[in-house]
Each structure stands twice: as C-alpha cells, then as structure tokens.
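A quick write-up on the structure given underneath.
The values are calculated or read from the model by the stated rules, or taken from the named source; none is laboratory data. Just so it is clear, the model here is predicted, and its values are computed rather than measured. Note: areas computed on protein heavy atoms with side chains; ligands, DNA, RNA excluded. Shrake-Rupley method; radii C 1.70, N 1.55, O 1.52, S 1.80 Å.
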Amino acid sequence: MANPVLVEVTRGNLVESRHRGMVAIVDGDGTLVTSLGDIDLPVFPRSACKAMQALPLVESGAADAFGFGNRELALSASSHSGEPEHVAVATAMLKAAGRDESVLECGAHWSFEQPVLIRQARSLDHPTALHNNCSGKHAGFVCAACHVGQDPKGYVTYDHPLQAEIRDVMADLTGSPLGHDNCGTDGCSIPTYAVPLRTLASGFAKMATGIGLGTERGRAARRIIEACMAEPFYVAGTRRACTRLMKVAPGRIFAKTGAEGVFCAAIPEQGIAIALKCEDGTTRAAESMVAGLLARRFRDEPEIADQLMGIANHTMRNWNGIAVGDVRVTDALFA
C-alpha cells in the first residue's frame, strides 16, 4: 500500500518536499473512525507512548506516596526541553524517593531550547542526565521501583521487573503482543516496541475514556492524561508542538510527540484518539498532520480550529526573516 502525501513543503512557487503518512483515529470502543495509509504496519511509537509508560508510577501508589501532583505526572510522561523548570521537578521527584541524578540511566544532553542551551554552556562543564528530555520519565521509573522495593539499578533493561510491568501495561492497552521479536532500544536506553498505529490509537482511546480498562487502571490513566493537559509546559516546553497544541484548548486536548515522525493525541470529550506517523520520520510533517487532524475535530469551534490550522499550515522564514515558503497539509489528510 502506498501511503498518501499528507504534507507538502513549498519554496517559491514550487513544491520542494512531500511527506507521506499513515493515520488512525479510534474511539474508546476500538472502532476505527478514520484511517489513512497502512495503519497495520508495526511502527515504534518511541516517546509518543510515555503516558502509557507512566502508569506504574500511579498504579503502584508511588505518586501518592511521594505527594506528586500534575507537574510531576506531566513530567513523567514528557519529552521536555531541559529547561530549568523541568530540571527542578525531576530533581525533586528523585529527592522524594531518596535518590539523586546518579541513579538515572538515560544519558545526558544539552537543552533543546537554544537560549537555555547557551546559558548552560556558559555555566556548566557538561550537561547531566537531568537535562535529558527523558529525565522526567526516568525519574518516574526510579520512584515507582523504589516505592515497591525494587533495586532501580538496571531499570532500563528488558529483564528488569519495572520494564516487564511496563510491557504488560502496554500490551493490555494496545492489545498487541510485546516481546523480543518486536523490541528495539529507544534513545534513552529503555525497550521500545513496534505496534500497529491502529492499536496504538486504540490504547490512547482507552486511556482517554477508561473504556475497556479496570477501575484502577482507568482512574490512573485519566489522572495522567488530565495532568498533561493541565500542565502542558511540563510535557514539552517553550515553543514545542505538544505544549502549543494543548494550550489551544486547555484541558480538552492531549498531545504527545515521538521520534521519527510519530505523534499521538486524544480528545477525551469526543472519546477519540489519534496515532500517526510521517513515513520518512520528519517531525515538522508529523506536527502539521496532528494539528490539521485536531482542527478538523474542532471544526464546529472556529476559534480553536483556526489556531490549530495555523500550526498545521505555516510560513517558513530564513535567518533574515524573509518568507521563503510554506509547510501545508494536503486535502488527502481530510479525505
């Protein structure tokens, strides 16, 4: 199956680049609402599934035991920019469990936010694991392990009890078997599992609605989704797409990016979730796709829809501020 061109990038009067993609929109009952492209091809969700991976933090009782609120839960499901606020919350989470940054096994990198990166480079010899975009998720892993008496050492490995629990959680949500055969290693060193977009969207629809989940898991899932919507800055950061999308309709849109052109989103009040992938792994195209799809779901509320379409279709400018082209979704996205 040839996936449709869903985003075009122009320069001058010509189309310079075309991005093909796949889209699945599913409701809480698992009914496929919309599909484009090959949605049954397994893809690695990468960081788009962090809200699923955060469930043991809540279900184990660790979040309550350590007094975590919306910011901590949002950060545990985040791919943050390594800004000071993000680092502070990750630090506090580890401190609550009696740990520090030395326990983190995610690796280190500088902030994604350029002004912050420059300040870091001037004041630090090197970045720490706390600046890693996954430090909030990893802090949540450490807290969950410590709370139930597990040794957090090696918590990123396939055979660690925490990763086994996360594997079971994701299999339950997506209905897809997870194991060595469809496992890879993510950028932050934890296992990542390839699943069809259809089942990934279904998993997020379950989280957003609670349909098909037990009482406790349903409550935990809603708590994480609501925390992310309440604190969108802690899910991503300054100028980041996830944060911008959720701020358009506060408390009504959940959105989470993943590497290699994957994006997931949910609109709890509508009972639907979206999973998509830009075939060539381009983030800019995935961001336009999800913004356009969300805009269509809010077409009866023009103020919201127009803001979302402004994210989907936008002008590119060079370093002199001169408009040089556009990123735009195609009609095929709404077919």
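For this structure, a couple of remarks:
- Here Ser35 sits with roughly 60 square angstrom of accessible surface, probe radius 1.4 Å.
- Between Asn132, Asn320, Asn182, the GNM of the chain built on Cα springs shorter than 10 angstrom shows Asn320 fluctuating the most.
- Kirkwood hydrodynamic radius over Cα pairs of the range 182-264, then Stokes diffusion coefficient at 4 °C and 1.567 mPa s, in µm²/s: 92
- By accessible area with a 1.4 Å probe, ligands and nucleic acids excluded, highest first: order of Phe204, Phe112, Phe44: Phe112, Phe44, Phe204
- Residue with peak Gaussian network fluctuation, the chain [Cα springs, cutoff 10 Å], from Phe254, Phe298, Phe233: Phe298
- Apportionment of accessible area to carbon and sulfur, the chain, percent (1.4 Å): 48
- In the assembled protein chains, Glu269 presents an accessible area of approximately 110 Å² (probe radius 1.4 Å).
- Probe 1.4 Å, accessible area per residue of the chain, Å²: 41
- Stokes-Einstein, applied to the Kirkwood radius of the chain over Cα pairs at a viscosity of 0.692 mPa s and 37 °C, places its translational diffusion at 164 µm² s⁻¹.
- q = 0.18 Å⁻¹: log10 I(q)/I(0) that the Debye formula gives for the range 225-335, counting C-alpha atoms only: -0.89
- Solvent-accessible surface of protein heavy atoms, probed at 1.4 angstrom with all chains present, puts Leu57, Leu32 in the order Leu32, Leu57, largest first.
- One decimal place: the segment Ser189-Glu303 gains 36.9 nm when fully extended, by the rule 0.36 nm per residue minus the C-alpha distance.
- Other-chain or far-sequence residues with amide H under 5 Å of Val33's (modelled H): Ile25, Val26, Asp27
- The listed residues Val87, Val23 rank as Val87, Val23 when sorted by accessible area, largest first, using a 1.4 Å probe.
- Number of Lys-Lys pairs in the chain with C-alpha atoms under 23 Å apart and a separation of 8 or more places or on different chains: 20.
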